[in-house]
1. May I ask you to verify whether CYS55 is under 18 Å from ALA121 (Cα atoms) and outside any loop (DSSP other than H, G, I, E, B)?
2. Scan the range 6-42 residue by residue and report those that are without any contact (Cβ under 8 Å) to a residue 60 or more places away in the chain and part of a helix (DSSP H, G or I).
3. Pairs needed: first member in the range 64-90, under 18 Å from CYS191 (Cα atoms) and part of a loop (DSSP other than H, G, I, E, B); second member anywhere, of a type in the set (Asp, Glu) and modelled with pLDDT under 95; C-beta distance under 6 Å; at least 6 residues apart or different chains.
4. What's the number of the condition THR4 fails, among (1) among the hydroxyl-bearing types (Ser, Thr, Tyr); (2) surrounded by fewer than 17 Cβ atoms within 10 Å (Cβ to Cβ); (3) modelled with pLDDT of 95 or more?
5. Quick one: ASP132 ticks every box in (1) surrounded by 22 or more Cβ atoms within 10 Å (Cβ to Cβ); (2) touching a Lys or Arg at 6+ places or on another chain (Cβ under 8 Å); (3) not β-branched (Val, Ile, Thr) except a single one, so which number is it?
6. So is ASP138 surrounded by 14 or more Cβ atoms within 10 Å (Cβ to Cβ) and farther than 16 Å from MET17 by Cα or not?
7. Restricting attention to the range 185-198, report how many residues are in contact (Cβ under 8 Å) with a residue 60 or more places away in the chain, under 13 Å from ASP219 (Cβ atoms) and surrounded by fewer than 23 Cβ atoms within 10 Å (Cβ to Cβ).
8. Test ALA215 against the criterion of being buried (at least 18 other Cβ atoms within 10 Å of the Cβ), more than 17 Å from ALA111 (Cα to Cα) and more than 16 Å from the chain's Cα centre (by Cα), and give yes or no.
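The values are calculated or read from the model by the stated rules, or taken from the named source; none is laboratory data. Fair warning: this is a prediction, and the values are worked out from it, not measured in the lab. All Cβ positions, even for glycine, are placed from backbone atoms using ideal geometry, and neighbour counts span all protein chains on display.
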Amino acid sequence: MAHTAKSRAIVLLSGGMDSCVCAALAARDYAAAALHVSYGQRTEDRERQSFLAICERLSIQDKLMVRIDALRAIGGSALTDENIPVPSGDASAHDIPVTYVPFRNAHFLAAAVSWAEVLGAEKVYIGAVEQDSSGYPDCRPAYYEAFNQVIKAGTKAGTIEIATPLIRLRKAEIVRLGLELGAPFDLTWSCYSRQDQACGVCDSCVLRLRAFAAAGARDPIPYAEKEIVEL
């Protein structure tokens, strides 16, 4: 019996833990292509390095790296404005933190859907997480339900779908899933502020460290000594 070619999918791959697990899922189930967006974030060089390394490890051949200058020009986030300090993580906080980049994921998804139309891809994977997250509004399930309606109305075929396989998982569950998939966590980068060693104290580092601890696994990336907050 003849083998049928896998359908195509785009995965938005920042180089972080969640997007890496999404990339492993996409590469397992589809002929995956990976899109990386630089937007003037503090750690963009380190994230781009992780993107390329993860693609190589997962044998993702089709890669696209784009730059969106609007988000840095607009500012309003500690990730894009060096005058706004990156705060230490606080799991008890309920306000949306200053690391939120206003409506960022809409920019990312627009680029990914455009590329999906060109490639004939049927899905766009994004590693959005609602549980154990920083509370960003563009990581909520309702946001992606609405965006799928926009795609249906605004693309030629109207059949591209955004997939958010991690959105209802706890961070520890994402770690366990990634380990099962063989996701290359050693190549990922999540820190908001440093590019040499992860700071261990920003919101992203704190969430990541707690996730690995809850999963009973060792986080394989380097952290700055004596700076990791108590878990």
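1. Yes, satisfied.
2. Once the filter is applied, which keeps residues that are without any contact (Cβ under 8 Å) to a residue 60 or more places away in the chain and part of a helix (DSSP H, G or I), the range 6-42 yields ALA27, ASP29.
3. Listed pairs, sorted by first residue: GLY89/ASP203.
4. Answer for THR4: the failing condition is (3).
5. The failed condition is (1).
6. Yes.
7. So the answer is 2.
8. yes
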